[in-house]
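Taking it in order: structure first as structure tokens, then the write-up.
The values are calculated or read from the model by the stated rules, or taken from the named source; none is laboratory data. Everything numeric in this text was worked out from a predicted model, so none of it was measured. No Cβ is skipped: glycine too gets one built from the backbone with ideal geometry, and neighbour counts run over all protein chains shown. Surface areas here come from the heavy atoms of the whole protein model, side chains and all, with no ligands, DNA or RNA. Shrake-Rupley method; radii C 1.70, N 1.55, O 1.52, S 1.80 Å.
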Amino acid sequence: MKKIELLAPAGDIEKLKTALHFGADAVYFAGKNYGLRAFAGNFEDDNLKAAVALVHAAGKKAYVTLNVFARNKDFEGLSEYLKVLVEAKVDACIVSDLGLFMFIRAHQPGLALHVSTQANTTNKFSAKAWADLGAERIILARELSIAEVEEICSALPKNVEVEVFVHGAMCISYSGRCLLSNYLAGRDSNHGECVQACRWHYSLVEDERPDEKFELQEDERGAYILNSKDMCLIGYLDRLAAAGVTSFKIEGRMKSPYYVATVVNAYRRALDELELSRKQGREYRISDELLGELKKASHRKYTTGFMFNDGEVRQNYLSSSQTQESMFRAIVLKADGNRVLVEQRNKFKVGDSLEILSPNSDFNKKVKVIKIEDEKGQCLDEAKLVQQSIWLTLDGVYELTQGDILRS
């Protein structure tokens, strides 16, 4: 069976480095144009080239999104931008628009093309059509059941890969083709400017009864009738792999580095467990610890989406707010015995117990802060200056490395 890829979001260079550190096999990001996350950090041309080089140096892959629904004006300057991507040696471009797809095939036939979930591929005939046009990978619509996913995988040539989203925010509109943002705020969601109007609270009234609210599941502010729960399929990776999926994708280019670290780390460990269970001929099981790990990052209530047609309610009617059970305190810059240089992100003080987030065996170990010093050697009772570099003396020696995170 083909090796499964863990694909992580990289909205900026910090998130890219974080994804690589915590075990992603590949990352996806955008340049300043053509991607559907206009308010992510994204990458200028020179930075994009440097980012791809960094990914390749780590032995991983870099995919660049060009997944807007293109208008005529969007093709101005596109051929020059494609040259930048070729020079950068990106591993593939993610595309949703057929015209843009064919433009790339004509002008840069050497660029590998992945068909975005925005193309809402929901059947084996559409998938095969994209494959016939030269797509190397199809990113399926989120609205499919696992039986449909398997049928599509079986219908494709062996050299065409299938990718699915396994974790993150879900859009209320079919495959993300939403007009709410355009209509209510004048910002085009299909050009990366979505204001997430589906997360706003709404009330239902009838024209002749403007003072009478029709009953919905609601709080005092209204009802979040369009607010989807977040997807989480970590417990079903074995079934997706058996169906023929070879790339598992995490949503979240607009999320924080801490989100990327936590979720990528959890899915990396889950995929390693899947591989081990295969070799040992046993059932794939996810520990309660790993399931709990996903609650430590910012999230809405979780759902398995459309995968199992189990009648589950996929909307969170009571609130659009996200929650998390842990706070990012500091990121490790370097370690020297029990002394660790960190960059502070949220307040903590001498005597506090912190938890290690790491790809190594120190994952989830508790450490106690014995001493805090600034870079001049002055002792501090509390770390309270965001992004200040400080030395911590811990209660023991741990295998901390650059990029590890301390949280509580």
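Exactly one condition in (1) of a type in the set (D, E); (2) open to solvent by less than 40 Å² (accessible area, probe 1.4 Å); (3) closer than 22 Å to C379 by Cα is false for D362; which is it?
(3)
Is there a residue being more than 30 Å from E273 (Cα to Cα) and assigned to a helix (DSSP H, G or I) anywhere in segment 21-28?
No - not one qualifying residue is present in segment 21-28.
If you take the residues of segment 232-282 that are of a type in the set (S, T, N, Q) and closer than 21 Å to L156 by Cβ, which of them is surrounded by the fewest Cβ atoms within 10 Å (Cβ to Cβ)?
Only one residue fits best here, namely T246.
Within segment 68-78, is there a residue that is acidic (D, E) and modelled with pLDDT of 95 or more?
There is no residue in segment 68-78 that is acidic (D, E) and modelled with pLDDT of 95 or more.
Report, by residue number, each residue of segment 223-250 that is modelled with pLDDT of 95 or more and not in a helix (DSSP H, G or I).
Passing the criteria: L233, G244, V245, T246, S247, F248, K249, I250.
Just to be sure, is A8 crowded, with 19+ Cβ neighbours inside 10 Å, over 24 Å from D404 (Cα atoms) and either touching an Asp or Glu at 6+ places or on another chain (Cβ under 9 Å) or without any contact (Cβ under 8 Å) to a residue 40 or more places away in the chain (or both)?
For A8, the condition - crowded, with 19+ Cβ neighbours inside 10 Å, over 24 Å from D404 (Cα atoms) and either touching an Asp or Glu at 6+ places or on another chain (Cβ under 9 Å) or without any contact (Cβ under 8 Å) to a residue 40 or more places away in the chain (or both) - is not met.
Considering only residues that are open to solvent by less than 10 Å² (accessible area, probe 1.4 Å) and among the hydrophobic types (A, V, I, L, M, F, W, C), look in segment 383-404 and name the one that is nearest to E325 (Cα to Cα). Steps first, answer last, please.
Step one: list which residues in segment 383-404 are open to solvent by less than 10 Å² (accessible area, probe 1.4 Å), which gives 383, 390, 392, 394, 404.
In the following step, the residues that additionally are among the hydrophobic types (A, V, I, L, M, F, W, C) were identified as 383, 390, 392, 394.
Values: A383: 21, I390: 25, L392: 24, L394: 23 Å.
Step by step, filter segment 383-404, then rank; the result is A383.
Would you mention how many residues in segment 321-330 are at pLDDT 95 or above and either open to solvent by less than 40 Å² (accessible area, probe 1.4 Å) or outside any strand (DSSP E or B) (or both)?
Within segment 321-330, residues that are at pLDDT 95 or above and either open to solvent by less than 40 Å² (accessible area, probe 1.4 Å) or outside any strand (DSSP E or B) (or both) number 2.
Which one of the conditions (1) outside any strand (DSSP E or B); (2) out of contact with any His (no Cβ under 6 Å at 6 or more places or on another chain); (3) not basic (K, R) does G403 fail to meet, given that it meets all the rest?
Here G403 meets the rest and fails (2).
Considering only residues that are open to solvent by 20 Å² or more (accessible area, probe 1.4 Å) and assigned to a helix (DSSP H, G or I), which ones fall in segment 283-297?
Residues satisfying the conditions are D288, E289, L291, G292.
If you scan segment 343-357, which residues turn out to be among the charged types (D, E, K, R) and in a strand (DSSP E or B)?
E343, K349, E355
How many of the residues in segment 64-97 are more than 17 Å from F29 (Cβ to Cβ) and not polar (S, T, N, Q)?
Summing the residues that are more than 17 Å from F29 (Cβ to Cβ) and not polar (S, T, N, Q) in segment 64-97 gives 12.
Which one of these is modelled with pLDDT of 95 or more, surrounded by 19 or more Cβ atoms within 10 Å (Cβ to Cβ), of a type in the set (A, V, I, L, M) and on the phi < 0 side of the Ramachandran plot: L341, L333, L380, L354?
Numbers: L341 fails: surrounded by 19 or more Cβ atoms within 10 Å (Cβ to Cβ); L333 fails: surrounded by 19 or more Cβ atoms within 10 Å (Cβ to Cβ); L380 fails: surrounded by 19 or more Cβ atoms within 10 Å (Cβ to Cβ).
Testing whether each residue is modelled with pLDDT of 95 or more, surrounded by 19 or more Cβ atoms within 10 Å (Cβ to Cβ), of a type in the set (A, V, I, L, M) and on the phi < 0 side of the Ramachandran plot leaves just L354.
Output the number of the condition that R407 fails; it satisfies all remaining conditions of (1) touching a residue at least 60 places away in the same chain (Cβ under 8 Å); (2) open to solvent by 70 Å² or more (accessible area, probe 1.4 Å); (3) under 32 Å from the mean Cα position of the chain (by Cα).
Here R407 clears every test but (2).
If you go through segment 128-151, how many residues are open to solvent by 30 Å² or more (accessible area, probe 1.4 Å), within 15 Å of L240 (Cα to Cα) and modelled with pLDDT of 95 or more?
The total comes to 4.
Can you name the residue in segment 152-174 that is open to solvent by less than 30 Å² (accessible area, probe 1.4 Å), within 16 Å of the chain's Cα centre (by Cα) and of a type outside the set (D, E, K, R) and is also modelled with the lowest pLDDT among such residues?
M170
Say we look at segment 79-127 and pick out the residues that are of a type in the set (D, E) and buried (at least 16 other Cβ atoms within 10 Å of the Cβ); which of these is farthest from A8 (Cα to Cα)?
D97
Any residue in segment 298-313 that is at negative phi, open to solvent by less than 30 Å² (accessible area, probe 1.4 Å), modelled with pLDDT under 95 and part of a strand (DSSP E or B)?
yes
For segment 341-384, which positions are of a type in the set (F, W, Y) and either touching a Phe, Trp or Tyr at 6+ places or on another chain (Cβ under 7 Å) or farther than 30 Å from D25 by Cα (or both)?
F348
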